[in-house]
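Notes for the one structure printed next.
The values are calculated or read from the model by the stated rules, or taken from the named source; none is laboratory data. What you are looking at is a predicted structure, and each value in this text was computed from that prediction instead of being measured. Positions of Cβ are backbone-derived with ideal geometry, glycine not excepted, and every protein chain shown enters the neighbour counts. Remember, those area values only see protein heavy atoms, side chains included, never the ligands or the DNA or RNA. Shrake-Rupley method; radii C 1.70, N 1.55, O 1.52, S 1.80 Å.
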Amino acid sequence: MDVHFTLNGENMSAAADSSTRLIDMLREGCGIKSVREGCGVGECGACTVLMNGDPICSCVTPAVQARGCDVTTVEGLETDGELDAIQESFVTNDAIQCGFCTPGMILTAKALLARNPSPSREEIRRSIAGNICRCTGYIPIINAIEAAAARTREENTAPL
Amino acid sequence: MNGFKYIGGRLPREDARDKARGRFLYLADLPSDALHGALLTSPLAHASVVSIDVREALELRGVRVLTFEDAPDTLYNSGEWFPGQNDHPDETLLTGHARHVGDRIALILAPDKKTAREARDLVRVEYSALPPSVELHTAEDLSQTLHCDGVRSFPGKIEYGCVDAAFSAAAHVESSTISTQKVHHAALETHAVLAVPSDNGVLEVYTPCQILFGVQHVIASILPLPLSKIRVIRTNVGGAFGGKQEVVFEPLCAWAAHKLGRAVFIDTAREETIISTRTRAAMTGTVETALDDDGRILGRRFDVTMDAGAYLTGSRKVMMAMGKKIPRLYRIPALRYDAKAVRTSTTPAGACRGYGSPQIHAVTEIHTDMICRALDFDPVEFRLKNLVHPFDRDPTGAANLGNARIIDCLERGAAAFKWAERRTPSSSGRLRRGAGFACCTHGNGYYKTIYHDVSGMSLRIMEDGSAVLRGAVHELGHAAVPAMTLIIAETTGISPDRITVTEGDSLYDKYDIGCQASRGIYVVGECARLCGERAMEKLCREAEALWDRPVRRSESGLIIGDETIPIGEAVRQIEMKRGTSIDVTVEHRPENNPGSYGVHFAQVAVDTLSGIVRVEKYLAVHDVGRAIGRNFVEGQIYGAVQMGIGMALCEDLSFDARGNPSARNFDKYHLVNAPDMPEVEIILIEEGEEGGPFGAKSIGEISTVPVAPAIVNAINRALDTELTHLPITPAVIVNALRKPAPTPI
């Protein structure tokens with residue numbers, strides 16, 4: 001069957017059967033390679049995508065569940081080649097080492113800041129509890145999310 | 001300011017943008033028409049295959065099956081990285097005698113991953129179970145059932161000084177037995193490899209590896225191909241931590257591709273990466289220390305047993321590396337290190353960040369705190385009395401310790417952490433607080449060991465004044481490439497965004513022994529610095545000859561007479577008129593292997609009801625000689641603390657009596673996540689180390705070395721316990737605090 005959904009703002013249709021996982025449909029059917037498998041059981045968060053704005057593990061989500069949904073991957077965050085504030089902040093705050101966890105981590109942060117524009121460090125920690133990073137010790141990632149939140153708040157309150 | 005333009009600064013790394021955009025591709029992301037290989041592995045810890053029926057699997061479209069019956073029985077050692085090292089070979093590509101859960105029996109190949117895995121499920125294997133061997137103390141007696149090479153264990157010894165005399169003369173002798181567990185590296189990218197038969201009989205092997213030429217060597221020891229026909233290409237690495245140092249699936253993949261004349265891709269799931277690759281080696285060690293009345297160490301004796309797992313791999317090397325660290329942290333007039341590696345029917349061990357240092361420092365640093373408690377010494381004072389000093393010699397004859405600033409680390413750290421205030425444990429309600437710390441050392445390459453150490457690179461300054469550094473650099477995520485970039489930028493004045501550093505490709509690269517032994521900065525980085533220096537020397541020399549005037553360097557180019565000529569223009573003129581390019585080659589052999597040093601301090605709060613430990617405060621102090629990229633150094637330390645807390649408290653790949661692993665994925669293998677990670681303060685001691693680029697030395701491995709003992713010492717101080725078997729899980733703590741049951745009358 002074909003699953004119709006919105007991928008990064010565009011209409012998409014991809015083949016899937018009842019056993020197809022969302023991660024496989026995105027990687028093999030839609031050419032989205034930023035969604036990567038670290039564990040396959042929803043424990044590491046490397047395969048995180050946003051479904052209707054909520055972070056989910058695409059390795060434990062059936063592809064058919066995306067039907068009619070709005071799916072965002074990290075490719076959908078930039079506008080005309082300009083990085084999203086969170087992506088930019090990850091780059092400038094040394095939140096990226098090997099980069100394998102990065103897309104999932106950024107999407108989880110995106111969902112957090114959409115819900116809570118001024119999270120405390122503790123709230124940031126809790127929000128990324130399901131995203132494992134073996135390289136950075138999380139500290140620069142927490143810094144990056146904090147800085148992105150501050151920058152977004154400044155931009156939103158700056159006089160026109 | 002340190003007088004440098006780039007060194008010691010905080011430049012963002014160049015690959016970060018692509019990584020943030022999802023455009024940085026790992027091997028499994030690359031398009032390929034290769035056959036997809038699924039591993040069929042043993043479900044039993046110890047068994048022989050009675051029969052293997054592949055008929056049903058072969059009915060699926062395009063499926064090929066290669067079993068142990070098809071594979072050569074050539075024995076090899078996955079930890080050997082150079083021809084002639086003669087590490088005991090006891091492993092084959094595939095086996096009909098399974099020696100651990102996850103041992104490789106067959107490779108199922110299909111045009112796509114799904115079919116390959118379906119076909120694997122259709123292969124019927126009949127096993128005959130054999131007795132597993134999981135306990136260290138019985139491993140030698142069971143060794144003959146596991147391997148038919150007649151080797152019970154692999155002993156090693158380091159000894160100097162009059163050990164027995166030291167112990168006879170001692171005022172005090174203290175002893176501890178400490179054990180550490182198997183740890184999974186947990187690089188988020190699982191193991192994968194692609195082998196492609198190419199033109200001219202060359203077999204290309206694409207792998208996210210740590211030792212390019214080591215992969216080439218092991219493959220050449222099994223396939224009938226010369227080294228020159230095996231081209232190993234390092235792909236983007238999603239973390240390694242030593243787990244991609246040994247050669248695990250590359251030989252199998254290369255053999256399958258060579259045999260079938262088809263490209264073969266082996267991709268593994270987390271379960272296979274946990275139970276079928278390598279682990280940090282578990283070990284148990286008894287240490288005895290002889291002391292004089294003032295608390296000076298007179299001698300130390302060790303009896304260490306290391307669990308190599310099912311195959312020897314590099315475990316004996318790890319075991320010897322452990323022993324060699326002992327005389328490089330404290331002044332120990334007499335030492336006897338007796339160790340043996342034994343094989344068990346568990347996942348093979350091998351390299352893991354620190355290469356034995358986290359294990360031996362767990363032994364010595366937990367023991368050192370026990371000494372202080374038993375004899376009522378302050379742990380800081382005791383260590384200050386016994387720690388090594390700068391430029392001490394290594395009593396075993398190994399390399400001089402160099403500018404060893406461990407005393408600075410401890411003094412600065414103790415003051416910054418307010419050790420004097422925090423050292424007294426406290427309790428509030430069911431919480432008990434305590435602080436602890438641990439000192440450590442690690443190396444900088446292989447100079448004055450039994451291994452050679454050499455790095456080759458070339459640097460070409462281009463006609464527009466940009467530059468390409470060509471070397472077998474292995475970027476694992478730890479910022480090797482950006483560090484090389486900064487070194488070239490500092491030496492040449494070329495801005496970092498105009499410098500490209502190539503990474504490993506054995507066909508084109510000069511020889512380098514790889515990303516191991518913490519040599520990335522001190523040896524490889526120094527090679528890069530020498531390339532930059534020599535390229536600029538040649539540029540100036542050629543410019544003086546061409547313009548016949550004295551030449552000086554400035555920020556914007558060369559000052560020739562009273563004219564400033566940009567570097568690019570000078571290169572163009574020199575190439576056209578003198579017929580030579582500014583392209584230099586350097587082969588660097590280090591002339592020392594100094595120690596890097598560090599001290600970590602931790603304060604923990606232990607919930608005496610649940611046994612849960614929270615690390616509340618953390619300080620890492622490191623003698624790095626000089627930070628090349630300050631943010632890169634900090635990044636290594638933060639990540640290392642995460643890994644070390646896991647070793648102290650929760651990470652554990654253990655095996656039950658039948659040899660079944662305790663974890664096959666992250667649901668049972670617990671990594672420290674963001675809520676459990678403390679804030680980490682960092683102090684860097686930058687006193688310079690001769691022989692390193694701008695005085696720099698290693699940080700990536702050493703930064704995880706003292707974490708576990710620092711935390712265990714803090715827990716033991718908080719609870720007044722003597723917990724010595726890692727990891728210190730909540731269950732361990734609750735059991736330790738449980739009051740002894742009343743004796744029945």
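For the range A:91-129, which positions are assigned to a helix (DSSP H, G or I), more than 19 Å from A:LEU50 (Cα to Cα) and within 7 Å of chain B (Cβ to nearest Cβ)?
Listed by number, the residues that qualify are A:VAL91, A:THR92.
Return the residues of the range B:489-510 that are under 14 Å from B:CYS531 (Cα atoms) and among the basic types (Lys, Arg); say none if nothing qualifies.
Result: B:LYS510, single match.
Of all residues in the range B:648-665, count the ones that are open to solvent by 10 Å² or more (accessible area, probe 1.4 Å) and either within 13 Å of chain A (Cβ to nearest Cβ) or under 20 Å from B:ARG353 (Cα atoms) (or both).
Here the count works out to 6.
Going through the range B:312-344 one residue at a time, which ones are part of a loop (DSSP other than H, G, I, E, B) and within 19 Å of the chain's Cα centre (by Cα)?
Hits for the range B:312-344 are B:LEU312, B:THR313, B:GLY314.
Just for the range B:213-250: of the residues that are touching an Asp or Glu at 6+ places or on another chain (Cβ under 7 Å) and closer than 15 Å to B:VAL193 by Cβ, which one is most open to solvent (accessible area, probe 1.4 Å)?
Per the criteria, the residue is B:ARG231.
Can you confirm whether A:ASP80 is more than 30 Å from B:GLY9 (Cα to Cα), at pLDDT below 95 and open to solvent by 40 Å² or more (accessible area, probe 1.4 Å)?
Yes: the conditions hold for A:ASP80.
Do you know which residues across the range B:459-485 are more than 14 Å from chain A (Cβ to nearest Cβ) and either buried (at least 24 other Cβ atoms within 10 Å of the Cβ) or aliphatic (A, V, I, L, M) (or both)? Give the derivation first.
Narrowing the range B:459-485 to residues more than 14 Å from chain A (Cβ to nearest Cβ): B:459-473, B:484-485.
B:LEU459, B:ILE461, B:MET462, B:ALA467, B:VAL468, B:LEU469, B:GLY471, B:ALA472, B:VAL473, B:MET484, B:THR485, listed by residue number.
If the Cβ limit is 7 Å and pairs must be 6+ apart or interchain, which residue in the range B:536-551 that is under 17 Å from B:GLU490 (Cα atoms) pairs with which residue that is open to solvent by 30 Å² or more (accessible area, probe 1.4 Å)?
Between residues of the range B:536-551 that are under 17 Å from B:GLU490 (Cα atoms) and residues that are open to solvent by 30 Å² or more (accessible area, probe 1.4 Å), the close pairs are B:MET536/B:ARG553; B:CYS540/B:ARG553.
Which residues, counting only those in the range B:177-191, are open to solvent by less than 10 Å² (accessible area, probe 1.4 Å) and assigned to a strand (DSSP E or B)?
Passing the criteria: B:ILE178, B:THR180, B:VAL183.
Which is within 8 Å of another protein chain (Cβ to nearest Cβ), over 19 Å from B:GLY238 (Cβ atoms) and surrounded by 24 or more Cβ atoms within 10 Å (Cβ to Cβ), of A:ILE132, A:ILE145, A:ILE139, A:ILE86?
Exactly one of A:ILE132, A:ILE145, A:ILE139, A:ILE86 is within 8 Å of another protein chain (Cβ to nearest Cβ), over 19 Å from B:GLY238 (Cβ atoms) and surrounded by 24 or more Cβ atoms within 10 Å (Cβ to Cβ), namely A:ILE139.
Please state which of the following conditions B:LEU93 fails to meet, knowing it meets all the rest: (1) closer than 20 Å to B:THR273 by Cα; (2) open to solvent by 50 Å² or more (accessible area, probe 1.4 Å).
Going through the list (1) closer than 20 Å to B:THR273 by Cα; (2) open to solvent by 50 Å² or more (accessible area, probe 1.4 Å), B:LEU93 breaks only (2).
Does at least one position in the range B:251-261 carry a residue that is in a strand (DSSP E or B) and surrounded by 24 or more Cβ atoms within 10 Å (Cβ to Cβ)?
Scanning the range B:251-261 turns up no residue that is in a strand (DSSP E or B) and surrounded by 24 or more Cβ atoms within 10 Å (Cβ to Cβ).
If you go through the range B:270-284 one residue at a time, how many are touching a helix residue (DSSP H, G or I) at 6+ places or on another chain (Cβ under 9 Å) and surrounded by fewer than 24 Cβ atoms within 10 Å (Cβ to Cβ)?
Residues that pass the stated criteria total 1.
Residue by residue through the range B:375-398, note down the ones that are out of contact with any Gly (no Cβ under 8 Å at 6 or more places or on another chain) and farther than 17 Å from B:PHE437 by Cα.
B:HIS389, B:ASP392, B:ARG393, B:ASP394, B:THR396, B:GLY397, B:ALA398
Pull up the range B:3-14, narrow it to residues that are part of a loop (DSSP other than H, G, I, E, B) and surrounded by fewer than 21 Cβ atoms within 10 Å (Cβ to Cβ), then point me to the one that is farthest from the other protein chains (Cβ to nearest Cβ).
Result: B:GLY3.
B:THR207 - would you say it is over 15 Å from the mean Cα position of the chain (by Cα), within 14 Å of chain A (Cβ to nearest Cβ) and open to solvent by less than 20 Å² (accessible area, probe 1.4 Å)?
Answer is no for this residue.
Here are some conditions: (1) within 30 Å of B:VAL524 (Cβ to Cβ); (2) buried (at least 24 other Cβ atoms within 10 Å of the Cβ). B:ASN631 meets all but one. Which one does it not meet?
(2)
Here are the criteria: (1) closer than 16 Å to A:MET51 by Cα; (2) touching a helix residue (DSSP H, G or I) at 6+ places or on another chain (Cβ under 7 Å). Tell me which single one A:GLU75 does not satisfy.
(2)
Can you find even one residue in the range B:76-91 that is more than 30 Å from the chain's Cα centre (by Cα) and outside any helix (DSSP H, G or I)? Explain how you work it out, then say what you get.
Filtering the range B:76-91 for residues more than 30 Å from the chain's Cα centre (by Cα) gives none.
Checked the range B:76-91: no residue is more than 30 Å from the chain's Cα centre (by Cα) and outside any helix (DSSP H, G or I).
Can you spot a residue in the range A:97-114 that is of a type in the set (S, T, N, Q), crowded, with 17+ Cβ neighbours inside 10 Å and more than 26 Å from B:ALA663 (Cα to Cα)?
Keep residues of the range A:97-114 that are of a type in the set (S, T, N, Q), which gives A:97, A:102, A:108.
Now restrict to residues that are crowded, with 17+ Cβ neighbours inside 10 Å: A:97, A:102, A:108.
Keeping just the survivors that are more than 26 Å from B:ALA663 (Cα to Cα) gives A:97, A:108.
Yes, there is a match, as at least one residue in the range A:97-114 is of a type in the set (S, T, N, Q), crowded, with 17+ Cβ neighbours inside 10 Å and more than 26 Å from B:ALA663 (Cα to Cα).
Of all residues in the range B:232-242 being part of a loop (DSSP other than H, G, I, E, B) and more than 10 Å from chain A (Cβ to nearest Cβ), which is nearest to B:ALA640 (Cα to Cα)?
Per the criteria, the residue is B:GLY242.
Quick check, is B:ALA290 in a helix (DSSP H, G or I), over 17 Å from the mean Cα position of the chain (by Cα) and crowded, with 24+ Cβ neighbours inside 10 Å?
Details: in a helix (DSSP H, G or I): no; over 17 Å from the mean Cα position of the chain (by Cα): yes; crowded, with 24+ Cβ neighbours inside 10 Å: yes.
Here the answer is no, as B:ALA290 does not meet what is asked.
State which residue is nearest to the other protein chains (Cβ to nearest Cβ) when the search covers only the range B:15-50 and only residues that are open to solvent by 50 Å² or more (accessible area, probe 1.4 Å) and over 30 Å from A:THR73 (Cα atoms).
Step by step, filter the range B:15-50, then rank; the result is B:PRO43.
Somewhere in the range B:589-608, is a residue open to solvent by 20 Å² or more (accessible area, probe 1.4 Å), of a type in the set (Ser, Thr, Tyr), within 44 Å of the chain's Cα centre (by Cα) and in the same structural domain as B:ARG430 (by TED's automatic domain parsing)?
Yes, the range B:589-608 contains a residue that is open to solvent by 20 Å² or more (accessible area, probe 1.4 Å), of a type in the set (Ser, Thr, Tyr), within 44 Å of the chain's Cα centre (by Cα) and in the same structural domain as B:ARG430 (by TED's automatic domain parsing).
Give the residues of the range B:383-424 that are in contact with an Asp or Glu (Cβ under 8 Å, 6 or more places away or on another chain) and surrounded by fewer than 17 Cβ atoms within 10 Å (Cβ to Cβ), sorted by residue number.
Of everything in the range B:383-424, those that are in contact with an Asp or Glu (Cβ under 8 Å, 6 or more places away or on another chain) and surrounded by fewer than 17 Cβ atoms within 10 Å (Cβ to Cβ) turn out to be B:LEU384, B:LYS385, B:ALA416.
Got a sec? Which helices (runs of 4 or more DSSP H) wholly within the range B:628-740 have at least 2 residues that are under 30 Å from A:VAL41 (Cα atoms) and in contact with a Leu (Cβ under 8 Å, 6 or more places away or on another chain)?
Details: elements: B:630-649, B:707-719, B:730-737.
Fully inside the range B:628-740 and qualifying: B:630-649, B:730-737.
Take the residues in the range B:101-139 that are out of contact with any strand residue (DSSP E or B) (no Cβ under 7 Å at 6 or more places or on another chain) and assigned to a helix (DSSP H, G or I); name whichever of them is least open to solvent (accessible area, probe 1.4 Å).
Looking only at the range B:101-139, we keep the residues that are out of contact with any strand residue (DSSP E or B) (no Cβ under 7 Å at 6 or more places or on another chain), and these are B:114-115, B:118, B:121-122, B:131-133, B:135, B:137-138.
Narrowing the set further to residues that are assigned to a helix (DSSP H, G or I) leaves B:114-115, B:118, B:121-122, B:137-138.
Numbers: B:LYS114: 117, B:THR115: 27, B:GLU118: 91, B:ASP121: 117, B:LEU122: 45, B:HIS137: 145, B:THR138: 47 Å².
Among residues in the range B:101-139 that are out of contact with any strand residue (DSSP E or B) (no Cβ under 7 Å at 6 or more places or on another chain) and assigned to a helix (DSSP H, G or I), the one least open to solvent (accessible area, probe 1.4 Å) is B:THR115.
I'm told B:PHE82 meets every condition in (1) away from every other protein chain (no Cβ under 14 Å); (2) touching an Asp or Glu at 6+ places or on another chain (Cβ under 9 Å); (3) open to solvent by 40 Å² or more (accessible area, probe 1.4 Å) except one. Can you identify the failing condition by its number?
Of (1) away from every other protein chain (no Cβ under 14 Å); (2) touching an Asp or Glu at 6+ places or on another chain (Cβ under 9 Å); (3) open to solvent by 40 Å² or more (accessible area, probe 1.4 Å), only one is false for B:PHE82: (2).
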